[in-house]
Amino acid sequence: MDYELLSRIQFGLTVAFHYIFPPLSIGLGLLLVAMEGCWLWTKDPQFLRLTKFWMSVFGLIFALGVATGIVMEFQFGTNWATYSRYVGDVFGSALAAEGIFAFFMESGFLAIALFGWDRVSPGWHFFATLMVCLGAHFSAVWIVVANSWQQTPAGHHLVAEGGRVRAEITDFWEMVFNPSSVDRLVHTLLGAWLVGAFLVLSVSAFYLLRGRHRQGAVPALKLGLVLAAAASLFQLASGDSSARVVAEHQPAKLAAMEGQFETRPHAPLHLFGWVREDRRQVVGPAIPSALSILTHRDPKREVTGLDAFAPADRPPVQATFQMFHLMVAAGLAILVLSWLGVYLWWRGRLFDTSRRATRVYLRTLVVAVVLPQIANQAGWFTAEIGRQPWVVYNLLRTSDGLSKVVAREHVVFSMILLSAIYLLLFVLFVFLLDRKIRHGIEEDASAEISAKRLLPEEDAAP
């Protein structure tokens, strides 16, 4: 492998591993607000136990997210120094905003949320939980803005200094609201909500199957199911809107996503298949005219194919096609599972573990925790592989963004070392999470201060 491919693989490895954790903190943060809000509203101590249990899980996820995220920033200056100089003015403002308005908010209030149960009033503790949730969401905002600028650059001009060119912001808000940022942000947040919802669904289903912590598992399952059902439905609309933005601003990416080699009207939509680049076709079932309808709302409108671009400007078709269809398949499975749960709940069968169908569904939920992660990872790979050969779309090629002084051997050594460290971190994360889940809600809440301490005196009186 050459230096460019190795550097891309290394960065992809670190980002993919890091991307396990921020969506978990975003989705779980939203559910923590719901759980603690239910506690304050109903005064039911079961919601307090749930909040404390899942808050401790959130703390574990946050710690791993911070540890794995730092590595990416170092790579900007090691493997991608030319790229960093090129986008420094743009990324500097976005990443600074992420640090000031998001990370500090989340990490600062997390200390109160984790350790302030017997030190602040219930209202202030709920405020801290809300700030943790908002901080996690704000972090996604600025990271997505920075990445979206790479996909659809706007609000900048190019400045030449000392024989080098760099992008400089001319309009901050135009940079923030570049053509793809809002659609991609909505799509990312909905995906993160599904990740958090399915973690709660998986653990709650596990407890119901084991006959443990039923009083906590039932309300947690309900909250997770409401979020999953709503987010999976909205994700359909978000995916359609995002794809139309890609068709307008990155037509080569859309052509690779669908294996569309020829610019033509009545373009078919491939359900799945294998791309035969030598034959310029996809082997697999397709719906006639569906891609033209979805893209332009008109079967007679042309969809731009890969033949409109020089071979050197085309993304890797096979990888982009397969990752996109993997994302769609995982998303549809999430939608079906979520609404099947709503149906079972409506029919009064969701919590009746004496029924075989209910047990099968709950067992499926236990392992389905990986589905949103697969969808998120596949979606990210689709976006980044489909952008190639550009690191900043139509402005800077990936091959031109590399550092000039880093040797291939350095990348190989650091990638092996990082892989070993990340493997150990993942094993540690799974071990700690498994131990926390097996200990259960009651054990985790054994140090819980009494409801009399948290509730106002008139409510706590016997």
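Whether a residue is hydroxyl-bearing (Ser, Thr, Tyr) and in contact with a helix residue (DSSP H, G or I) (Cβ under 6 Å, 6 or more places away or on another chain) was assessed, and SER139 passes this test. Checked against (1) more than 25 Å from ALA16 (Cβ to Cβ); (2) of a type outside the set (Ser, Thr, Tyr); (3) outside any loop (DSSP other than H, G, I, E, B), VAL144 passes all but a single condition, namely (1). Pairs meeting the criteria (first residue in region 304-328 and closer than 20 Å to ILE374 by Cβ, second residue aromatic (Phe, Trp, Tyr), beta carbons under 6 Å, at least 6 apart or on different chains) are MET323/PHE381; HIS325/PHE272.
Test TRP274 against the criterion of being over 28 Å from VAL392 (Cα atoms) and surrounded by 15 or more Cβ atoms within 10 Å (Cβ to Cβ), and give yes or no. Break it down stepwise before answering.
Numbers: over 28 Å from VAL392 (Cα atoms): yes; surrounded by 15 or more Cβ atoms within 10 Å (Cβ to Cβ): no.
No; evaluated as a whole, the condition is false for this residue.
Please enumerate the residues belonging to region 228-279 that are within 30 Å of LEU201 (Cα to Cα) and in contact with a Phe, Trp or Tyr (Cβ under 7 Å, 6 or more places away or on another chain). Please lay out each step first, then the result.
First pass over region 228-279, keeping only residues within 30 Å of LEU201 (Cα to Cα): 228-243, 271-272.
ALA228, ALA229, ALA231, listed by residue number.
Selection of region 291-330 for residues being of a type in the set (D, E, K, R) and within 19 Å of ARG244 (Cβ to Cβ) yields ARG297, ASP298, LYS300, ARG301, GLU302. No other residue among MET72, MET105 is closer than 30 Å to ASP171 by Cα and either in contact with a strand residue (DSSP E or B) (Cβ under 9 Å, 6 or more places away or on another chain) or touching a residue at least 40 places away in the same chain (Cβ under 8 Å) (or both) apart from MET72.
Take the conditions assigned to a helix (DSSP H, G or I), surrounded by fewer than 22 Cβ atoms within 10 Å (Cβ to Cβ) and modelled with pLDDT of 90 or more and apply them to PHE206. Does it pass? Give the steps one after another, and end with the answer.
Numbers: assigned to a helix (DSSP H, G or I): yes; surrounded by fewer than 22 Cβ atoms within 10 Å (Cβ to Cβ): yes; modelled with pLDDT of 90 or more: yes.
Yes, satisfied.
Scanning region 401-434 for residues that are of a type in the set (Lys, Arg) and at pLDDT 90 or above yields a total of 0.
Filter region 270-311 for residues that are in a helix (DSSP H, G or I) and β-branched (Val, Ile, Thr); which is farthest from the chain's Cα centre (by Cα)? Give the steps one after another, and end with the answer.
First, pick out the residues of region 270-311 that are in a helix (DSSP H, G or I): 290-296, 306-308, 311.
This time we only want the ones that are β-branched (Val, Ile, Thr), so: 293, 295.
Numbers: ILE293: 28, THR295: 24 Å.
Here the answer is ILE293.
Close contacts from region 2-20, counting a first residue that is more than 23 Å from ALA136 (Cβ to Cβ) and a second that is surrounded by fewer than 18 Cβ atoms within 10 Å (Cβ to Cβ) and modelled with pLDDT under 85, with Cβ to Cβ under 6 Å and a gap of 6+ residues or different chains, come to TYR3/ARG408.
Can ALA247 be described as more than 18 Å from LEU24 (Cα to Cα), surrounded by 20 or more Cβ atoms within 10 Å (Cβ to Cβ) and at pLDDT below 95? So ALA247 fits the description; yes. Condition check for THR152 on (1) closer than 30 Å to ALA34 by Cα; (2) at pLDDT 90 or above: one failure, at (1).
Going residue by residue through region 354-362, is there one that turns out to be surrounded by 15 or more Cβ atoms within 10 Å (Cβ to Cβ), outside any helix (DSSP H, G or I) and either charged (D, E, K, R) or out of contact with any Gly (no Cβ under 9 Å at 6 or more places or on another chain) (or both)? No, that holds for no residue. Residues of region 338-353 that are buried (at least 21 other Cβ atoms within 10 Å of the Cβ) and either part of a helix (DSSP H, G or I) or out of contact with any Leu (no Cβ under 8 Å at 6 or more places or on another chain) (or both): SER338, GLY341. Being in contact (Cβ under 8 Å) with a residue 60 or more places away in the chain and surrounded by fewer than 19 Cβ atoms within 10 Å (Cβ to Cβ) is a property that holds for LEU130.
Determine if region 331-343 includes at least one residue that is farther than 30 Å from SER202 by Cα, touching a residue at least 40 places away in the same chain (Cβ under 8 Å) and touching a helix residue (DSSP H, G or I) at 6+ places or on another chain (Cβ under 6 Å). The answer is no, given that none of the residues of region 331-343 is farther than 30 Å from SER202 by Cα, touching a residue at least 40 places away in the same chain (Cβ under 8 Å) and touching a helix residue (DSSP H, G or I) at 6+ places or on another chain (Cβ under 6 Å). From the list LEU50, LEU31, LEU40, the one residue that fits, being in contact (Cβ under 8 Å) with a residue 40 or more places away in the chain, over 13 Å from CYS133 (Cα atoms), crowded, with 20+ Cβ neighbours inside 10 Å and of a type in the set (A, V, I, L, M), is LEU50.
The values are calculated or read from the model by the stated rules, or taken from the named source; none is laboratory data. Every value quoted in this text rests on a predicted model; they were computed, and no experiment measured them. FYI the Cβ positions are ideal-geometry reconstructions off the backbone, even for glycines, and counts take in every protein chain you see.
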